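The values are calculated or read from the model by the stated rules, or taken from the named source; none is laboratory data. Remember, it's a predicted structure, so these values are computed and weren't measured experimentally. Positions of Cβ are backbone-derived with ideal geometry, glycine not excepted, and every protein chain shown enters the neighbour counts.
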Amino acid sequence: MIPEGEDRPRLVCGECGFIFYENPKLIVGAVCTWGDAYLLCRRAIEPRRGYWTIPAGFMELGETAEAGAIREVWEEAGARVVIDSLLGVYSISEINQVHLVYRARMETACFKAGVESLETRLFAWNDIPWEELTYPNVAWSLRHHRDLIGRRDFSPRGIPDGLALVRGRVVGDPDL
């Protein structure tokens, strides 16, 4: 039903009138570096098991986005990081998610695969397995990071201009 004052159907309790608002999920993660190398995790879970990603996952209740990103890095890659700044905000309405991706520096070169990762590895830029990345936003985050090395005067980026997600596929200019 569409409650009074609303513009879309909502789940409403027939007894008390409580309106259940189903909202997008927040995903938090980080592009982590050690020197010039990028930390990636090979997923041990579906979807996209066996593909490479940045450490990221669902934000938990009671934590800040930054704390969630730090936790996800620890859980998936066993690495301790310092968050630098917000790198990207990717609103992916098709799957009802908003991804907050931070730029982070590893505190040490120590890392290990967590329970959701088959393996973790540091990659030089030219060795990143671009064809084996989980999702388009992983590539966007890595490229945004690369474009902004040494800069502190930037706003978070979103889905690159000219691109869109349609039924899980990127459409638009493939060179972006």
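Yes/no per residue for (1) assigned to a loop (DSSP other than H, G, I, E, B); (2) in contact (Cβ under 8 Å) with a residue 24 or more places away in the chain:
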| position | (1), (2) |
| --- | --- |
| Glu6 | yes, no |
| Gly17 | yes, no |
| Ala30 | no, yes |
| Arg48 | yes, yes |
| Ala67 | no, no |
| Arg71 | no, no |
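Anything in the range 19-28 that is more than 17 Å from the chain's Cα centre (by Cα) and either assigned to a strand (DSSP E or B) or under 17 Å from Ile54 (Cβ atoms) (or both)? List them, or say none.
Within the range 19-28, Ile19, Phe20 meet the criteria.
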Worksheet item: For the subset of the range 135-153 comprising residues that are in contact with a strand residue (DSSP E or B) (Cβ under 8 Å, 6 or more places away or on another chain) and part of a loop (DSSP other than H, G, I, E, B), which member is surrounded by the fewest Cβ atoms within 10 Å (Cβ to Cβ)?
Response: Arg152
Discussion item. Which numbered condition in (1) surrounded by fewer than 20 Cβ atoms within 10 Å (Cβ to Cβ); (2) closer than 15 Å to Gly35 by Cα is the only one that Asp161 fails?
Written reply: (2)
Worksheet item: Mind checking which residues of the range 89-119 are charged (D, E, K, R), surrounded by fewer than 16 Cβ atoms within 10 Å (Cβ to Cβ) and at pLDDT 95 or above?
Response: Arg105, Glu107, Lys112, Glu119
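Per-residue answers, yes or no, for (1) acidic (Asp, Glu); (2) modelled with pLDDT under 95:
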{"position": "Pro3", "(1), (2)": "no, yes"}
{"position": "Ile19", "(1), (2)": "no, yes"}
{"position": "Glu22", "(1), (2)": "yes, yes"}
{"position": "Leu26", "(1), (2)": "no, no"}
{"position": "Gly35", "(1), (2)": "no, no"}
{"position": "Leu39", "(1), (2)": "no, no"}
{"position": "Arg42", "(1), (2)": "no, no"}
{"position": "Glu46", "(1), (2)": "yes, no"}
Fill in: Search result, residues across the range 101-134 that are under 17 Å from the mean Cα position of the chain (by Cα), in a helix (DSSP H, G or I) and among the charged types (D, E, K, R)
Glu132
Worksheet entry | Top-ranked residue of the range 55-88 - restricted to ones that are surrounded by 18 or more Cβ atoms within 10 Å (Cβ to Cβ) and of a type in the set (Asp, Glu), ranked as nearest to Asp153 (Cα to Cα) | Glu72
Discussion item. Quick check on my filter: what residues within the range 1-56 are touching a Lys or Arg at 6+ places or on another chain (Cβ under 9 Å) and either of a type in the set (Asp, Glu) or over 30 Å from Ser85 (Cβ atoms) (or both)?
Written reply: Met1, Ile2, Pro3, Ile19, Phe20, Tyr21, Glu22, Arg49, Gly50
Item to complete: Please go through the range 63-114 and pick out each residue that is in contact with a helix residue (DSSP H, G or I) (Cβ under 8 Å, 6 or more places away or on another chain) and more than 20 Å from Tyr38 (Cβ to Cβ).
Response: Glu63, Ile92
